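The values are calculated or read from the model by the stated rules, or taken from the named source; none is laboratory data. Just so you know, these numbers come straight off a predicted model, no measurement behind them. As a convention, Cβ positions derive from the backbone with ideal geometry for all residues, glycine included, and neighbour counts pool all protein chains shown. Accessible surface areas use protein heavy atoms only, side chains included; no ligands, DNA or RNA. Shrake-Rupley method; radii C 1.70, N 1.55, O 1.52, S 1.80 Å.
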Amino acid sequence: MEIASAILLLIGALAMLVGGIGILRMPDLFTRLHAVGITDTLGAAAILLGLAFIAGWGLLLVKLFLILAVLLLLNPTASHALGRAAVHGARRPWLSAPK
Amino acid sequence: MKRALSLFLLLFAFWLLLSGHYDFWLIGLGLISSASAVFLARRMGIVDAEGLPLDLVPGLLRYAPWLFGTVIRANFDVARRILHPRLPITPMVIRVPAEQRTAPGRVSYANSITLTPGTISLEVSDDEIEVHALSVDAAEDLQSGEMGRRVVALEAH
Amino acid sequence: MLILVVTVLLGTMGLALIRAVRGPTVYDRILAANAFTTKTIVMVTTFGFMVGEPGLYLDIALMYALIGFIGTVAVLKVSEFGNLGQTRPELPPKPK
Amino acid sequence: MVEAVNIVLLGLLVITAVAAIRLHDLFAVVMMFGIYSLLAATVFVVLDAVDVAFTEAAVGVGISTILMLTTLGLVGRWERRPVHRPFLPLLVVVVTGAALIYGTLDMPHFGDPDAPVHQHVAPRYLEQSPDEIGIPNVVTGVLASYRGYDTLGELTVIFTAGVGVLALLGIRRRRQDEATRER
């Protein structure tokens, strides 16, 4: 149980770190959105699941899953809204040369 | 009416969960506030198939695990690209057909696309979704249409 | 382990903040603020477990999640329409 | 460890504040203020002031952001060039700040159990309020019952302020409606 939790927490922390690096390294807004996607899905999910292993059965577990559900439902909506607003604000995505 | 009742039960369950105190007086207050929230929502006219998509719930139980697996695989792919010293990304904008019949179905599809790192839905129209993809692989994965088929199946339940 | 996670999360909050400071477009700042909110939520939750009193902190994290989303959507609405919907024409009434 | 978290959060807070001052795009400044409020709320959480954190998050991240954005809809997005140099205000602020910091030197140490605040009514609130009022949260009990009239007065003030703000923000809409009607 403890080991599973530790592994999940480690994966989550790494994903958060990679996402943060991605936000800095990516060349434009739209590619940065993908990096945010990592922190929002794998990062948050792995850390919250890892904490769920520590929490054990009870109200805490339900609340942890509630937070996770809220994040997984709302974050893509926010990302989509951001991308859409940027397109409408005449930001053209940086595109690679076609192969 | 059925939707209003289930919304009331959902809200009340949420209230109980956050309250943590279960005596007569406080539970009574919770009942009153949930009931007034449902009343207001009905007056606003948002208790319908779009505001409370109960029809999608049974199918969701089968769709969620598959989506979870896909999202994790996509995560590792994008993470590898971010950490790669030469940043091997080929951003592109593609259009994928959205064959879902209902608005909640299309929204689920668009949200699933965004939830998967590597693809982000930019614009949703009646029969198409404009998608920004980080790499050729991510775009091809989406264009294979498996996710779209599964969301259509999610609606059929 | 929890201490490590909180440290990493604080670090990534810093990374998101750098993006918010550097911009360059306003959308990048919104994106950074959004990512920052997510990281704060997870950080507060983990911090609650670290100090051994998770119940309180979970409620706060939940509220951050809900309010942060409202904030982001309000900001995006303004950036797209120029205001929060005061000057948009009335939608036609829904048929009953 | 808790102190370390606090220091890091305060450091991020300073960075955010400086960035908010230096930016000239007011829209971006609102974003920085959102981050600032979230950080401040998190500092309150770390200091165990959970109720204050709730308020700060709800007001700072939620309502103020929306109010400031509505204001931007009225006044435009870009900061005007200041008319005169801000050296005198800077001097006033620095002197006031120094006086306040000097004043804190006489205050009891942070978290000191012998501080006057913790001697007078606080123990009674903590020990008796569950029996006397029956509200599980002590802070709510104090605000809504022991200091009920205070809270009522505060609510009146906040309500008046809210009416004033809404009246200011609503002007533009009526004019535009009339303009469209005349057209």
Positive minus negative residues near D:Phe44 (Lys, Arg vs Asp, Glu; Cβ under 10 Å) | -3
Taking springs between alpha-carbon atoms closer than 10 angstrom, which of B:Ser36, B:Ser121, B:Ser135 fluctuates most in the Gaussian network model of chain B?
-> B:Ser36
Estimated vicinal HN-Hα couplings, Hz - the stretch B:99-111 in sequence order (Karplus 6.51, -1.76, 1.60; Gly, Pro = x) = 8, 5, 8, 9, 5, x, x, 4, 5, 4, 4, 4, 5
Quick one: what are the phi-derived ³J(HN,Hα) couplings along the stretch B:81-91, Karplus 6.51/-1.76/1.60 with θ = phi - 60°, whole Hz, x for glycine and proline?
-> 5, 5, 7, 4, x, 8, 6, x, 10, 10, x
Which cross-chain or sequence-distant (5 or more) residues have an amide H under 5 Å from the amide H of D:Ile135, H modelled 1.01 Å from N in plane?
-> none
How large is the helix-only mean residue ellipticity at 222 nm for the protein assembly as shown, computed as the sum of -39500 (n - 2.57) over DSSP H runs with n ≥ 4, divided by its residue count, in deg cm²/dmol to the nearest 500?
-> -24000 deg cm²/dmol
What angle, in degrees between 0 and 90 and rounded to the nearest 10, separates the Cα long axis of helix D:122-132 from the longest principal axis of the Cα atoms of chain D?
-> 90 degrees
In terms of the Cα gyration tensor, with a ≥ b ≥ c the square roots of its eigenvalues, is chain A rounded because a/c is under 1.5, prolate because a/b exceeds b/c, or oblate?
-> oblate
Filtered chymotrypsin sites (Phe, Trp or Tyr not before Pro), the stretch D:43-146: DSSP coil and at most 11 other beta carbons within 10 Å | D:Phe110
The stretch D:1-78: Kirkwood hydrodynamic radius (Cα pairs, Å) comes out at 13.1 Å
Per-residue accessible area for A:Met1 at 1.4 Å probe radius, Å² rounded to 10?
-> 150 Å²
Quick one: P(r) of the stretch D:1-145 from all Cα-Cα pairs, 5 Å bins, percents rounded to integers, in order of increasing distance.
-> 2, 8, 10, 12, 16, 17, 13, 9, 6, 4, 2, 0
Please work out the Cα center distance from the stretch D:79-146 to the stretch C:5-38, rounded to the nearest Å.
-> 30 Å
Once phi for every residue in the stretch C:60-75 is put through the Karplus expression 6.51 cos²θ - 1.76 cosθ + 1.60 (θ = phi - 60°), the whole-Hz ³J(HN,Hα) values, with Gly and Pro written as x, are 5, 4, 4, 5, 4, 4, 5, 6, x, 5, 4, x, 4, 5, 4, 4
Those GluC sites (Glu not before Pro) in the stretch B:58-157 that DSSP places in a loop and that have at most 16 other beta carbons within 10 Å | B:Glu99
If you take the square roots of the eigenvalues of the alpha-carbon gyration tensor of the protein assembly as shown and sort them as a ≥ b ≥ c, do you get rounded (a/c under 1.5), prolate (a/b over b/c) or oblate?
-> rounded
Loop chymotrypsin sites (Phe, Trp or Tyr not before Pro), the stretch B:63-100 (other Cβ atoms within 10 Å of the site Cβ: 14 or fewer; DSSP) | none
